[in-house]
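Nothing in this text is a laboratory measurement; each read-out follows from the coordinates by a stated rule. Only a predicted model underlies this, so the values are computations on that prediction, with no experimental measurement involved. Note: ideal-geometry Cβ built from the backbone for every residue, glycine included; neighbour counts use all protein chains shown.
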Amino acid sequence: MNDGSPRGWLIPRRWIHDRSGFRSAPLARGRVAAAMLAVALACGSLPGRAQGGPTAARIGDLQIGGGFVFAKSGYNFTPIHLVGPSIYTTFDWKTHLGAEFSFHNTTGTQDSTVYERTYEIGPRVFVLRGPFEPYAKAMYGRGVYNFSHNIANVAYNIYTFGGGIDLRVRRSINVRADYEYQSWPGFPLGTLHPSVFTFGVAYHFHE
């Protein structure tokens, strides 16, 4: 039930219940991630400012990045600390409005058989203050939880509220500090509410 998948492009699973609990039936890996990367790269190659004439205009602002996650969770009133990698991308098509996709893969610091994986997408609002770009976001997605010693592996729809700040340190490089408060409705013995901190670096596409 612990799929042992490496960091990076992972695909959510559908879940089957049998007499022993929950087990997973894997879907084809890599297809969704490859499609998303292709779309992101295509968006990044679109013109920024006028190149062919005065009517050409920038249609959006794209960045793709990765980071390291520190999370605090808890099951059955027992606090759990987790760490791991994250991948995120944002695309802003209006002055203060855009969208974000993020993936987190965190593992327990004291019990490596416990992990939480989340796939989220949703809108974000932001403002520009010189090199600083503070933002807020609301996201929806899927969370996968693996219990200690692989007793069970379950998945739930989740929603998240959060925010943070991007700092442009170079024309093509942004650094990020991000916080998410996640809710996992329907989780056994009560809703799970992980707090997730991400520190990352992103490549910012520009004309």
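Restricting attention to the stretch 188-207, the residues that are under 18 Å from THR107 (Cα atoms) and either in contact with a helix residue (DSSP H, G or I) (Cβ under 7 Å, 6 or more places away or on another chain) or not small (Gly, Ala, Ser) (or both) add up to 7. Here the stretch 101-134 is the region considered, the condition is being touching a strand residue (DSSP E or B) at 6+ places or on another chain (Cβ under 8 Å) and aliphatic (A, V, I, L, M), and the residue that is farthest from TYR145 (Cα to Cα) is VAL127. For the stretch 173-187, the set of residues classified as under 15 Å from THR106 (Cβ atoms) and among the charged types (D, E, K, R) consists of ASP178, GLU180, listed by residue number.
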